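Report on the following structure.
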Amino acid sequence: MKRLFLVAVIMMISFLSMPAKAQINLNVNIGSQPLWGPTGYDHVDYYYLPDVESYYYVPKKQFVYLNGNDWVFANNLPSRYGNYDLYNGYKVVINSPKPYLNFKNDKVKYGKFKGNKGQLVIRDSRDSKYYVVKGHPHGMPPGQAKKIYGKANKGNSNHGKGNGKGKHK
């Protein structure tokens, strides 16, 4: 009898913990994404920029690029990329920790996107959920943007999935 009770308790605990795991995975950081970031992603950790073989770390707003054999974290790309246009260059969303440690693979895998143009960027989006991004041309006071984003996001099961275009899984 005790064994049956113990099994029932374990099953109940594991069943009740499943919604908690789903809630933890729901992480939206649209407001932290840069205006030049591509639309379609509710959550982004890194962008890989194939044209300049560099990364951008969204949470810290830093570019990550190779300088010799060392990875550098900086607020700007190095001067050698002075002509690179972030709004027109292709960005690949990568939601994994320290993707630059996988650079050799990313360089090959995403090299086909070099020179690609035409990604819709947050700055040019008319989707109200992006109005929370600082500097958006249709930006609103934070309280109002939050209300609109909440409405736009209801029923959206696309949390962090984006459109799958060039996305690292």
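The values are calculated or read from the model by the stated rules, or taken from the named source; none is laboratory data. Note that this is a predicted model, so its numbers are computed, not measured. Neighbour counts are summed over all protein chains in view; Cβ atoms, including those assigned to glycine, are modelled from backbone coordinates with ideal geometry.
Just name the residue that is surrounded by the most Cβ atoms within 10 Å (Cβ to Cβ) out of those in the stretch 65-113 that are of a type in the set (A, V, I, L, M) and closer than 17 Å to Val44 by Cα. Walk me through how you get there before you give the answer.
Narrowing the stretch 65-113 to residues of a type in the set (A, V, I, L, M): 66, 72, 74, 77, 86, 92-94, 101, 108.
Remaining after also requiring closer than 17 Å to Val44 by Cα: 86, 92-94.
Details: Leu86: 19, Val92: 21, Val93: 25, Ile94: 22.
For the stretch 65-113, the residue satisfying everything is Val93.
From the set of residues in the stretch 85-135 that are among the acidic types (Asp, Glu) and in a loop (DSSP other than H, G, I, E, B), which is modelled with the lowest pLDDT?
Taking the stretch 85-135 and keeping what is among the acidic types (Asp, Glu), we get 85, 106, 124, 127.
Within this subset, residues satisfying the condition of being in a loop (DSSP other than H, G, I, E, B) are 85, 127.
On the way: Asp85: 95, Asp127: 90.
It comes out as Asp127.
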- Item | Positions within the stretch 51-105 being out of contact with any Asp or Glu (no Cβ under 9 Å at 6 or more places or on another chain) and of a type in the set (Phe, Trp, Tyr), in sequence order | Tyr56, Phe63, Trp71, Phe73
- Of the residues Asn69, Asn76, which is free of Cβ contacts under 8 Å to residues at least 40 places away in the same chain and under 16 Å from Trp36 (Cα atoms)? Asn76
